[in-house]
Structure formats: C-alpha cells, structure tokens
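The values are calculated or read from the model by the stated rules, or taken from the named source; none is laboratory data. Just so we're clear, the structure is a prediction, and the values are computed from it rather than from any experiment. We place every Cβ from the backbone using ideal geometry, glycine too, and count neighbours over all the protein chains shown. Keep in mind that these areas ignore ligands, DNA and RNA; they rest on the heavy atoms of the full protein, side chains included. Shrake-Rupley method; radii C 1.70, N 1.55, O 1.52, S 1.80 Å.
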Amino acid sequence: MPGGAALHRQVLAQASMEARLMLRNGEQLLLAVVIPVIVLVGAVKGGQHLDLSPSVLDGRPLVDLFTPGVLALAIMSTSFTSLAIATGFERRYGVIKRLGASPLPRLGLLAGKVLALVLVELVQLFVIGGVGQLLGWTPEPGAVGFLLAVVLGTAAFAALGLLVAGTLRAEATLAAANLIYLLLLAGGAVVLPASAYGGFGSFAEWLPSGALGEAVRTAFLDGAVAWRDLGVLLGWAVLGSALTARTFTWE
C-alpha cells in the first residue's frame, strides 16, 4: 500500500540513521568518545598536580570526582557540539529541507535527532564508565538522579545547539559550537565542581554545563537527586526551545 509508515517507525528509522552517521563521522566520534576519555585519563593521572582544596575532594579519590564530570562533558559534547555542527551542515546542503518534504514530519525529524543523541550517550556511558572502572571508579549510582540529568541535560543542550545551527551559517556554527564547548570545558564547572572555581563558581552553577555537572556528580557521588540543578537545566531547555522555535530556519 502506498503511503508513509507509522510515525513511531519513521522516528526510529531516522534515529537509527542519525546515530550511525554520528558514530561514523570521525570528528563527531572524536567529540563524543575520544576527547572525553582522554580528559578522564589525563585528569586522573595528572590530577595530583592540581591544587584542589580538601573541601573539593571531600575525602574522595580523584577518579570518583572526575568520572561523573567527564560523563557530563560527554553529554554536552554530543547534544550540543555534535548536534549543532551536523545540523548546520545539513541546512547548508539542503538535507533538512528535503527531509521536511518527506512523509516524516518536522516534529518527527527533531524527535529522531534527540533519540539518536540518547543512543550515542548510551555508548558514551558504557565506554567512559568502563574506563573509569579500570581506573578504580567506585560510584554510588542514583539511577533517578542520573536519568533526569541525562534527559534534561540533553534537552537543554540540544535546544541550544539547534538555536546556534538554525541561525548561523554552517562555517560560523562550526566555529561557534567548538568555541563554546572549549569555554564551557575550561570554565563551565562541568568536569570539576563549581566549588573549585572560587567566587566564579556561584555563577558557573547557573550555566547549563555547571548544572549538568553538579547533577551527574550528585547522582554518582551521593546517590541523590540534585533538584536545584535539574531546575536550572529545565529552565535552559525551555528558554532554548522557545528561542529555537522562533528563530530556526530550515534552509
């Protein structure tokens, strides 16, 4: 019979294709898996040279502190940087315009992209978590807190990534996404707790990177739910989605 497949089958097919393309792309794979693993190993092996106060460590080994932060970094790199760059070039080459003319509705296209991010993040969790285990990581996982952090963190950064990709040219998106990623990596309280940044930490906690990092750390260090940080992520997700809906252009 002619016609499109059921919506859920279209979304799953789109998500599968998006995830495969992301993992096959060398630059996206570098951002998604390789750089976070390098950051984790480097931070744990060279962490003794960092001047971290006892209040930051709280009597915990470095690997227990850094692994949740690197997991948060991986979520940020996939749902923001990788998504922004891929979407920016899809707009440039007319891919999104053509997909918009297919039986897959635009809402289904966005749902497929977000679901693909979750699939890639599962790969990141197993890879980074496995490396952390080899380095001696002993988490106290809070499943609810971590799941909420992944969902809201992905929503917040995906909305911001689409905001950048939908308003800038592809080359500008590439530069802006990588620059924002590096700035948040260095000063966004994602790998290290906000308390490690002194007075700036009170500001970094309100950044999406700081809120995501604190939420994941709370889930794995204390087995608890960081409601304040999840609220910050929800606020960024709502703000980013509203701005994206008003400014995103499909070609």
### Message
Among the residues of the stretch 170-177, are any among the charged types (D, E, K, R) and either open to solvent by less than 20 Å² (accessible area, probe 1.4 Å) or under 16 Å from Pro68 (Cβ atoms) (or both)?
### Response
no
### Message
I'm trying to understand the selection: among the residues of the stretch 73-98, which are surrounded by 18 or more Cβ atoms within 10 Å (Cβ to Cβ) and over 10 Å from the mean Cα position of the chain (by Cα)?
### Response
Ala84, Ile85, Ala86, Thr87, Gly88, Glu90, Arg91, Ile96
### Query
Cβ-Cβ below 6 Å, separation at least six or inter-chain, first residue in the stretch 191-202 and more than 16 Å from Val63 (Cα to Cα) and open to solvent by less than 40 Å² (accessible area, probe 1.4 Å), second part of a helix (DSSP H, G or I) and among the hydroxyl-bearing types (Ser, Thr, Tyr): which pairs?
Gly201/Ser195
### Top-ranked residue in the stretch 111-140 [being among the polar types (S, T, N, Q) and open to solvent by 30 Å² or more (accessible area, probe 1.4 Å); ranked as modelled with the lowest pLDDT]
Thr138
### Query
Got a sec? Which of Leu23, Leu73, Leu83, Leu29 is in a helix (DSSP H, G or I), farther than 20 Å from Glu251 by Cβ and at pLDDT 80 or above?
Leu73
### Summary
Matching residues in the stretch 203-230 (open to solvent by 40 Å² or more (accessible area, probe 1.4 Å) and either out of contact with any helix residue (DSSP H, G or I) (no Cβ under 8 Å at 6 or more places or on another chain) or in a helix (DSSP H, G or I) (or both)) number 4
### Query
Is it the case that Val238 is touching a helix residue (DSSP H, G or I) at 6+ places or on another chain (Cβ under 9 Å), modelled with pLDDT of 90 or more and open to solvent by 10 Å² or more (accessible area, probe 1.4 Å)?
yes
